[in-house]
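Shown next, in structure tokens, is the structure this report addresses.
The values are calculated or read from the model by the stated rules, or taken from the named source; none is laboratory data. In this text the structure is predicted, and so the values were computed from the model without any measurement. Neighbour counts run over all protein chains shown; Cβ positions are idealised from the backbone, glycine included. Surface areas here come from the heavy atoms of the whole protein model, side chains and all, with no ligands, DNA or RNA. Shrake-Rupley method; radii C 1.70, N 1.55, O 1.52, S 1.80 Å.
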Amino acid sequence: MTDFVIDTADDGSGSGLAMLIATVYGEYENCPFVADEFRELDAVSTYFRNLGGEIWVARAADSPGNSTALIGCLAIVPALKPGVFELFKMYVAKSARGTGLAQELYAEALKWAGAHDLKSLRLWTDTRFASGHRFYEKQGFAKQPVVRYLGDAGQTWEYLFVCNAPIAPS
């Protein structure tokens, strides 16, 4: 797969996002997707916009308008400190990895945050998502010496990654 379309999500994107996230979680041992832990997906666009942010979704080019055939997503919201933004919901389907989709989603978030006085980015990511960690490091993020425990169904531990000088993806 090399062709995809990226759009801002709407509130109807939640079921497709749930399917995408469940599929990604299914790649990892003891990483269940529990819908009750993702209530924001019920009105996902409204949720992120109410936080002052945005969320994008990606579909294969041959399935435009199909809100359940999502192959990627990424959200961004401003943090409490001016110029600092946090990334959420960075998921790319296995079939779309290596196609440039993650870079394109990240570029959308950078462009959006750049219009809002971007100075630095941060994100929390599951300690099991090693391929995601490599992507973040390639984009200039550094893993911080801190972890947090979520107490969710997957007993998730997360790493904090920070990028103090965000650059456009190559």
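Can you list the strands (runs of 3 or more DSSP E) lying wholly within segment 51-170 that have 3 or more residues being over 23 Å from THR8 (Cβ atoms) and open to solvent by less than 50 Å² (accessible area, probe 1.4 Å)?
157-163
Looking at segment 15-26, is at least one residue in contact (Cβ under 8 Å) with a residue 24 or more places away in the chain, assigned to a strand (DSSP E or B) and surrounded by 19 or more Cβ atoms within 10 Å (Cβ to Cβ)?
no
From the list LEU118, LEU110, LEU105, pick out the single residue that is touching a Phe, Trp or Tyr at 6+ places or on another chain (Cβ under 9 Å) and at pLDDT 95 or above.
Answer to the selection: LEU105.
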